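Single-structure report; data block below.
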Amino acid sequence: MTPERFAECLASLRWTAIDLTSALQCQLSWIEAMEGGQAEIPEDLARWLESLAKCHEAAGIPSHYRGVAQF
């Protein structure tokens, strides 16, 4: 997985680096290093992120709620 695809997956999930850090219970500096291309993204992490991102991309976002008045 490239750093660019890593960022795309996080964006699809609407996760920040901090969200991923929390999910993985790891150091933020490691996530930032992967984002920046200074650390290799482990294959199992790449597969997991790809799976989650593909599910989110396929499911989409419901749009019929747009423009509905809020109470």
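What the table shows:
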read-out: Residue order, fewest to most surrounding Cβ atoms within 10 angstrom, among His64, His56; value: His64, His56
read-out: Using a Förster distance of 22 Å, the FRET efficiency for Ala23-Tyr65 (Cβ separation, nearest 0.05); value: 0.25
read-out: √(5λ) per eigenvalue of the Cα gyration tensor, the chain, largest first, Å; value: 28, 14, 10
read-out: Additional length obtainable on full extension of the chain from Arg14 to Lys54, 0.36 nm per residue less Cα span; value: 13.1 nm
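Readers should treat all values here as calculations from the given coordinates under stated rules, not as data from a laboratory. Please read these numbers as outputs of a predicted model, since none were measured by experiment. Every residue, glycine among them, receives a Cβ derived from its backbone with ideal geometry; neighbour counts consider all protein chains shown.
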